1. For the range 118-133, which positions are surrounded by fewer than 23 Cβ atoms within 10 Å (Cβ to Cβ) and either more than 15 Å from the chain's Cα centre (by Cα) or under 20 Å from PHE188 (Cα atoms) (or both)?
2. Being assigned by TED's automatic domain parsing to the domain that holds THR65, in a helix (DSSP H, G or I) and of a type in the set (Asp, Glu) is the requirement here; does ASP175 meet it?
3. If I filter the range 382-395 for residues that are closer than 17 Å to LEU285 by Cβ, crowded, with 17+ Cβ neighbours inside 10 Å and either modelled with pLDDT under 95 or assigned by TED's automatic domain parsing to the domain that holds LEU100 (or both), do I get at least one hit?
4. Considering ARG90, ARG85, which residue is at pLDDT below 90 and in contact with a strand residue (DSSP E or B) (Cβ under 9 Å, 6 or more places away or on another chain)?
5. Does ASP205 qualify as being closer than 17 Å to LEU124 by Cα and among the charged types (D, E, K, R)?
6. List every residue pair whose Cβ atoms sit under 8 Å apart, with the two residues 6 or more apart in sequence or on different chains, where the first one lies in the range 398-410 and is assigned to a helix (DSSP H, G or I) and the second, anywhere, is among the acidic types (Asp, Glu).
Amino acid sequence: MASPPPPPAPSVSPPVPPYVIALADDLSGAAETARALGGPVRLSLAAPDVAEIAAAHDLVVDLNTRHLPPAEAANAVRTALRAARTGPPRLLYKKVDSQLRGNLAAEAAVYAEGAQAVVIAPTLPAARRTVTGGVVHVNGVPLHRTDGWRAERAAAPRSLPEALSGLPVCTVPLDVVRSEPAVLDAEFRRIAASGAHPAADAETDADLDAVAAAALRLGPGFRLLGSGGLAAALGRALVRPATATPAPSPAPDSDPLLFVVGTAEPGAVAQIAHLAALGAHHVPLDPADLAAGTVSLPRTAVAPALTVFSIDGSAGLRPGAGRALSAALAALAAAYPGRPDLVLTGGETARTTLDALGIRELEPLGEIHHGAVHSRTPDGRRVVTRPGSYGAEDSLLRIAVALRPRLAAATAAT
């Protein structure tokens with residue numbers, strides 16, 4: 001009697017490349033991702049750098065597509081993916097906004113081309129942004145019931161499938177994400193086999209760790225798309241040589257520090273008030289004057305130690321005006337006397353300011369608080385980038401003290 005045939009050998013996924021190419025749609029998100037991945041990293045503001053034959057480091061590229069028409073944004077992602085194929089094998093990561101802003105549907109559709117599936121998880125626990133039932137929540141409130149899209153031209157999407165319209169998406173419930181790894185793997189495979197892409201519910205870093213680990217087990221055909229939270233989970237899951245990043249030394253106290261606050265978030269007013277209490281020179285700028293290009297700075301022989309440029313949003317802002325206002329703020333920052341270190345809030349403001357100054361690369365050094373990434377330019381200038389919607393009331397104060405430790409004593413006295 002013939003013996004039964006042996007069971008089929010389990011399928012073996014291709015080896016996982018140890019380093020990442022991450023594509024972001026704005027600069028603050030790119031900087032957040034660079035720190036979240038946790039390995040040696042280069043942060044580039046030049047899309048052609050995707051084609052570099054890289055050494056042992058991650059590469060995060062700001063494609064600067066948040067403001068582009070959808071077709072142009074999609075083409076930028078397609079060009080970057082084509083360039084990535086010319087270098088050594090890398091894991092691909094697509095950074096998206098945790099509140100689903102930008103050209104999410106157009107960019108995700110292109111990012112999915114050639115992939116077995118895209119695993120989607122925009123949860124960001126550090127900012128209390130979660131996903132349950134396929135719906136993004138901010139502080140427990142569904143995104144479409146918050147004011148997170150007040151500066152956008154459209155209404156916030158009611159769910160991930162709606163935000164990713166045109167890309168077939170299947171929600172993975174939280175109980176499946178928290179089940180045994182084999183169960184989660186099987187669900188991702190089932191969804192991929194159906195021609196759809198898994199969108200995972202997640203509330204905690206542990207949930208994101210499970211999602212990232214499952215994607216890695218299934219091989220590089222499963223690409224990841226998410227916020228800085230999922231990028232951090234990917235960084236924790238990858239096994240890479242330890243790197244030692246020297247602690248950033250503070251700049252001389254005599255160097256000026258310029259804050260360019262390009263966000264319309266209401267909390268920015270209170271954040272700026274903490275700096276004003278330290279004697280910062282605050283320059284609130286009328287949006288109409290900024291857009292018309294009629295703002296000019298008074299000439300001074302010596303720049304103040306702390307200066308804050310901000311947009312006066314007391315009368316409300318016109319939706320869709322952000323790009324023009326960021327460009328005007330950038331022009332003022334570039335004309336600022338001397339060579340100040342910079343604190344830039346809002347991804348678009350950060351990018352336009354660095355473009356105006358001709359800065360094309362950043363070396364991330366550390367994180368002052370969640371999302372506030374401290375970097376160094378090739379010529380030694382210090383730059384802190386932070387998404388506009390991040391940070392508690394003392395966010396800007398904490399950044400100022402980290403860059404200028406002498407301010408700590410003044411802070412204690414106020």
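1. Listed by number, the residues that qualify are ARG128, THR132, GLY133.
2. Working: assigned by TED's automatic domain parsing to the domain that holds THR65: yes; in a helix (DSSP H, G or I): yes; of a type in the set (Asp, Glu): yes.
So ASP175 fits the description; yes.
3. Yes.
4. Within the list ARG90, ARG85, the selection yields ARG90.
5. On the way: closer than 17 Å to LEU124 by Cα: yes; among the charged types (D, E, K, R): yes.
For ASP205, the condition - closer than 17 Å to LEU124 by Cα and among the charged types (D, E, K, R) - is met.
6. LEU403/ASP341
A quick yes/no check of all residues on (1) of a type in the set (Val, Ile, Thr); (2) at pLDDT below 90; (3) in the same structural domain as ASP207 (by TED's automatic domain parsing); (4) surrounded by fewer than 20 Cβ atoms within 10 Å (Cβ to Cβ):
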site	(1), (2), (3), (4)
ALA251	no, yes, no, yes
GLY262	no, yes, no, no
LEU275	no, no, no, no
ASP289	no, yes, no, yes
ALA303	no, yes, no, yes
LEU306	no, no, no, no
GLY313	no, yes, no, yes
ALA324	no, yes, no, yes
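Here is a yes/no grid of residues against (1) part of a loop (DSSP other than H, G, I, E, B); (2) crowded, with 17+ Cβ neighbours inside 10 Å; (3) under 23 Å from the mean Cα position of the chain (by Cα):
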{"site": "ALA155", "(1), (2), (3)": "yes, no, yes"}
{"site": "LEU167", "(1), (2), (3)": "yes, yes, yes"}
{"site": "LEU184", "(1), (2), (3)": "no, yes, no"}
{"site": "LEU208", "(1), (2), (3)": "no, yes, yes"}
{"site": "ALA214", "(1), (2), (3)": "no, yes, yes"}
{"site": "LEU234", "(1), (2), (3)": "no, yes, yes"}
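The values are calculated or read from the model by the stated rules, or taken from the named source; none is laboratory data. Nothing here was measured: the structure is a model prediction, and the numbers come from that model. Because the Cβ atoms are built from the backbone with ideal geometry, glycine has one as well, and the counts that use them run over all protein chains shown.
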